[in-house]
1. Which one of the conditions (1) more than 30 Å from Asp141 (Cα to Cα); (2) outside any helix (DSSP H, G or I) does Ile18 fail to meet, given that it meets all the rest?
2. Under the condition of being more than 12 Å from the chain's Cα centre (by Cα) and not basic (Lys, Arg), which residue from the range 80-91 is least open to solvent (accessible area, probe 1.4 Å)?
3. Give me the pairs, please: first residue somewhere in the range 119-146 and open to solvent by less than 50 Å² (accessible area, probe 1.4 Å), second residue anywhere and at pLDDT 90 or above and part of a loop (DSSP other than H, G, I, E, B), beta-carbon distance under 7 Å, and either six or more positions apart or on two chains.
4. Of the residues Val77, Val155, which single one is surrounded by 13 or more Cβ atoms within 10 Å (Cβ to Cβ) and touching a Leu at 6+ places or on another chain (Cβ under 6 Å)?
5. Report whether or not Leu68 is open to solvent by less than 70 Å² (accessible area, probe 1.4 Å), within 23 Å of Arg98 (Cβ to Cβ) and out of contact with any Asp or Glu (no Cβ under 7 Å at 6 or more places or on another chain).
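The values are calculated or read from the model by the stated rules, or taken from the named source; none is laboratory data. On a predicted model such as this, the values are computed, not experimentally measured, just so you know. As a convention, Cβ positions derive from the backbone with ideal geometry for all residues, glycine included, and neighbour counts pool all protein chains shown. Remember, those area values only see protein heavy atoms, side chains included, never the ligands or the DNA or RNA. Shrake-Rupley method; radii C 1.70, N 1.55, O 1.52, S 1.80 Å.
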Amino acid sequence: GTVRDALRRYKDLGRDDITALSSELWAAPVYERRLAAVVVLQSSLGVLDNSDLTRIEGFLRGARVAELGDPLAVDVVGPLIGRLDGSGRSRAGVVLERWLQDADPWLRRAALLASLHELKTGRGDWDAFRRRAASAAWDPDGVVRAAVHRVEREVGKARPDLIVG
């Protein structure tokens, strides 16, 4: 609430201000500060573009817990990519494909979770998600597997017409 109040008070913050603020909040390895950085990004989606995925990638690499990484993927990366078109969306797609092949399971998890909203609303490609999930499957700690199960569960509730499992 405090972060959202501050953003309402300073509603003229531009992209550079938002990204600098989120980076400053994320810099200290303190859960509450990092959560505040996530809220800043969630609340400022309109000023972000595909070039911000590099900064978010760094946040995801440092998140190491679902409570920070999942909102970044579901509430920031997914909607950001969902509103892109043309070359911006293509470049973002290349970034997500790279994340799917990365050794960091939190990046692979984020790449899969980013499609959750579009899949639930019927705009996403379920078959493509299943292929991406299979390509990102190497997961000794279960981080990626848990994301796949979450997507299957949530999409199954919203779209029972899909064969989930």
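1. Evaluating Ile18 over (1) more than 30 Å from Asp141 (Cα to Cα); (2) outside any helix (DSSP H, G or I) leaves (2) as the failure.
2. Among those that are more than 12 Å from the chain's Cα centre (by Cα) and not basic (Lys, Arg), it is Gly88.
3. Filtered contacts from the range 119-146: Gly124/Ser115; Phe129/Ser115.
4. Values: Val77 fails: touching a Leu at 6+ places or on another chain (Cβ under 6 Å).
Residue meeting the stated conditions: Val155.
5. yes
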